[in-house]
1. Are there cysteines in the chain with no second cysteine's Cβ under 4.7 Å away, and if so, which?
2. If I stretch the segment between K697 and K36 completely, what's the gain in nm (0.36 nm per residue apart, minus their alpha carbon distance), one decimal?
3. Straight-line reach only, C-alpha to C-alpha below 18 angstrom: list the aspartates and glutamates that K536 could link to, leaving out same-chain residues fewer than 8 apart.
4. What is the distance, in nm, between label points placed 7 Å from the Cα along the Cα-to-Cβ direction at E24 and at N361?
5. Volume per residue, Å³, of the convex hull around the alpha-carbon atoms of the stretch 609-756?
6. For the stretch 106-166, how many pairs of lysine residues have a Cα-Cα distance under 20 Å, where the two are 8 or more positions apart or belong to different chains?
7. In percent, how large is the relative contact order of the chain, given Cα pairs closer than 8 Å and 6 or more residues apart?
8. Calculate the FRET efficiency for C557 and E81 from the Cβ-Cβ distance with a Förster distance of 60 Å, rounded to the nearest 0.05.
Amino acid sequence: MLPIPIQKTFTYSINEEEYNFLKEGMRVAVSFGKSKIYTALVYKIHNNEPTLYEAKEIHQILDEFPIVNKIQLKHWQWIAEYYMCALGDVYRASLPSAFLLESETIIYKNESFTDESVLIDDEFLIFEALQHQSQLTIHQIVDILDRKKVMPIVNSLLKKSAIYIKEEIYETYKPKLVKYVKLHSDYNADDSLNTLLEELSRAKKQREAILTYFQLSTSKKPIKAKELETKSNVSSAILNSLVDKNILEFYHLKTDRIHFKGDTNSLKKLNEFQEKALIEIKDAFLQKDVTLLHGITSSGKTEVYTKLIQEILDKGQQVLFLLPEIALTTQIITRLQAYFGKQISVFHSKYSMNERVEVWNNVLENKSKAQIILGARSSLFLPFSNLGLIVVDEEHETSYKQFEPNPRYNARDAAIVLAKMHQAKILLGSATPSLESFFNAQQNKYGFVELNRRFGNVQLPKIELIDIKEKHRKKEMKGHFSDRLLVLIQEALDEKEQIILFQNRRGFSPIVECKTCGVSPQCPNCDVSLTYHKYKNELRCHYCNYQRAMPNNCSACGSNTLDTKGFGTEQIELELKELFPDYSIGRMDLDTTRGKFGYQKIIGAFEAREIDILVGTQMLSKGLDFDNVSLVGILNADTMLNFPDFRAHERAYQLMVQVSGRAGRSKKQGNVAIQTYNPYHQILQQVSTTDYQAMFKEQLQERWQFKYPPYYRLIKITLKHRDYTKVDSGINWLFKALYNSFGEHVLGPTAPAVARIRNQYIKNVVIKIPPKQSLANTKNQIQKIKNTFEAVKEFRPIRFIIDVDAY
Ligand code: ADP
Ligand code: ZN
Ligand code: ZN
């Protein structure tokens with residue numbers, strides 16, 4: 001199997017010695033085409049000589065034992081077939097790139113490597129060559145050493161850390177730990193102050209520190225050790241001695257979550273509702289492999305997962321815990337690590353190649369530190385040998401679907417298949433399940449369990465719809481804020497509580513338009529208007545990152561009448577700074593989280609209550625648990641509702657309920673204020689009562705009526721090319737060919753909302769597959785049409801993309 005987008009596998013010849021050594025799942029270096037070298041994977045060892053070409057010899061064997069197991073190969077096969085891509089695409093996507101050296105791979109010298117004595121003959125030659133040349137391709141190394149078989153040497157250099165390869169330009173994350181101080185748990189009672197002061201009557205400085213501590217703690221904010229030192233005018237030695245006496249204790253942000261009532265990270269006992277859910281899940285698993293846990297936000301789903309995980313670990317099996325990429329960077333890791341400690345390994349794309357290789361090897365060897373893998377969608381490809389349970393948290397999340405490049409898989413669905421291959425169980429969890437999963441549960445295909453109460457019996461937030469059309473008419477708006485929302489914000493601030501404001505657009509304003517002639521500045525590479533970013537006074541394309549300075553005059557008519565329309569997070573942030581000058585305002589969107597740890601920094605600052613009001617995009621909706629947020633405001637619900645996609649309403653519901661779920665999680669009932677021009681919209685009504693069932697029923701009805709999933713399946717074909725007429729004639733040919741096979745079930749051809757991105761024109765057709773039509777036959781037919789398409793010379797340069805379950 002070669003890591004290239006070609007449908008088939010290739011046969012290479014091996015000698016008897018190699019035959020005795022090689023096993024399926026081991027890597028071999030092979031040449032392919034004129035002069036390319038690839039890292040191939042042994043898929044099958046057989047005796048059928050190819051008839052159409054002469055089998056080349058392999059260069060050499062790269063592994064001593066298989067690094068990919070049989071279940072993985074079977075799973076890859078399923079992915080390739082189901083998602084209609086090449087097995088080689090799956091192979092390439094699955095392995096860390098360090099495992100896939102090829103002739104084009106670029107290697108660099110590791111500047112911090114000094115111990116040249118560990119290098120042997122040829123390794124040294126390459127290392128020396130890198131002193132003169134900053135980089136080398138494997139191809140060049142072949143020339144330097146004047147032989148074809150160089151992969152083991154490069155592998156060995158990699159292992160010895162003398163070199164690194166292209167992708168690996170990562171910093172390692174060292175979180176800055178801030179030291180906080182709290183009263184030792186023995187002293188929690190209210191009457192403890194006097195006892196303490198008596199005890200300390202002869203230690204004047206210590207007494208002073210404790211008095212100041214109680215003074216500061218009335219603000220309910222966490223207290224930094226430094227702050228206590230300054231305010232009470234004592235040295236750190238004094239605080240240390242109080243800690244030695246078990247009166248105070250230190251804790252660190254990032255290693256510890258902030259909890260006020262002094263609870264530690266010990267094992268949690270489930271409440272009766274969680275306990276019941278756990279029993280129901282286990283019962284469901286007796287009959288079904290897949291179970292859906294529909295638990296409202298903050299019902300304590302994570303704690304239920306942990307119990308299940310523990311039981312699987314006790315049986316000596318592995319657990320895979322899937323999360324949307326972004327949720328992975330924060331709180332949940334800390335939470336689960338506090339519980340399972342060293343048995344957890346984390347795997348996601350932001351990790352360095354070495355870290356990923358290490359996790360791969362740990363899973364392969366079934367090491368104790370890889371019993372639980374916490375990962376984003378790609379962790380599905382790790383070499384599990386003994387999976388007992390997969391948890392898919394936030395199963396409705398779109399980020400489980402890979403849209404680009406191949407394989408365009410949905411990790412939730414691929415996980416269900418993987419679980420089956422391991423005879424493992426799989427639990428899907430969400431407060432707002434996807435329509436497909438809920439439907440499957442209703443059809444009894446999945447087990448189904450509900451958790452309808454928030455932990456600690458806190459009620460779901462009170463949700464209020466604010467009619468801003470009316471507010472505008474009555475002149476009760478200040479900028480983008482209704483008077484009502486401003487009152488709620490002030491109330492929360494007065495209580496020293498925090499606020500999250502949601503605006504699903506970044507930048508200052510999405511559109512700049514000339515008031516004289518109506519023209520908006522466009523991206524030169526994409527068919528889309530540029531977004532205004534005030535902070536840098538520039539215009540930016542959100543599709544290709546093109547940027548230019550904000551012009552003074554309209555490029556079409558020359559007038560200086562450029563005006564901004566619409567609003568984004570940046571504008572909201574600025575308005576807030578004027579409205580609430582005494583409070584600290586933070587913003588979380590793609591622009592402020594770009595640096596590798598930008599995201600953690602903002603979350604950390606918000607957790608530490610250094611930020612009072614946090615404005616952000618949908619990043620805010622993903623699994624965050626803040627215990628001091630009492631108000632969530634949605635500035636404009638309408639943009640989400642008026643989106644041309646069959647899932648727009650489902651998504652809008654999910655997004656709004658998830659964002660709302662950040663309010664009032666731990667103490668008292670929170671508030672949610674949703675501003676809209678359209679308060680009677682059925683989705684907003686359903687959000688305001690958190691009526692998932694009503695949303696589900698109504699949406700399902702529409703899906704049936706308009707022939708969409710979960711009833712009909714969708715396969716989308718996209719053509720892309722720089723030349724518009726090529727794409728156009730290609731798509732017309734394709735549409736007719738598909739129409740001949742599938743008739744009215746082919747939709748299109750259409751151009752997407754942004755019809756050109758990075759200078760590539762884009763056209764789509766969608767094939768709908770009715771419930772009774774064979775999926776396999778349909779795919780076969782599509783594949784045949786694709787083969788014919790690609791045989792036409794003028795169509796050959798067009799990119800042909802198939803996306804199965806394209807939503
Ligand atoms: P969900 O994932 O359903 O939104 P979480 O699992 O994040 O909910 O739980 C919400 C909050 O309640 C968290 O702060 C969590 O630590 C707390 N919590 C949940 N279950 C328990 C329990 N059994 N004991 C103590 N605290 C709990
Ligand atoms: Zn662009
Ligand atoms: Zn103009």
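1. C85, C544
2. 232.4 nm
3. Correct list for K536: D563, E570, E573, E575, D589, D591.
4. 2.6
5. Spread over its residues, the Cα hull of the stretch 609-756 gives 153 Å³ apiece.
6. 5
7. Relative contact order of the chain: 10 percent.
8. That pair, C557 with E81, gives E of 0.60.
The values are calculated or read from the model by the stated rules, or taken from the named source; none is laboratory data. Just so it is clear, the structure is predicted and the values come from calculations on it, not from any experiment. Ideal geometry is used to build each Cβ from the backbone, glycine not excepted, and the neighbour counts take in all protein chains shown. These area figures cover heavy atoms from the full protein model, side chains too; ligands, DNA and RNA do not enter into them. Shrake-Rupley method; radii C 1.70, N 1.55, O 1.52, S 1.80 Å.
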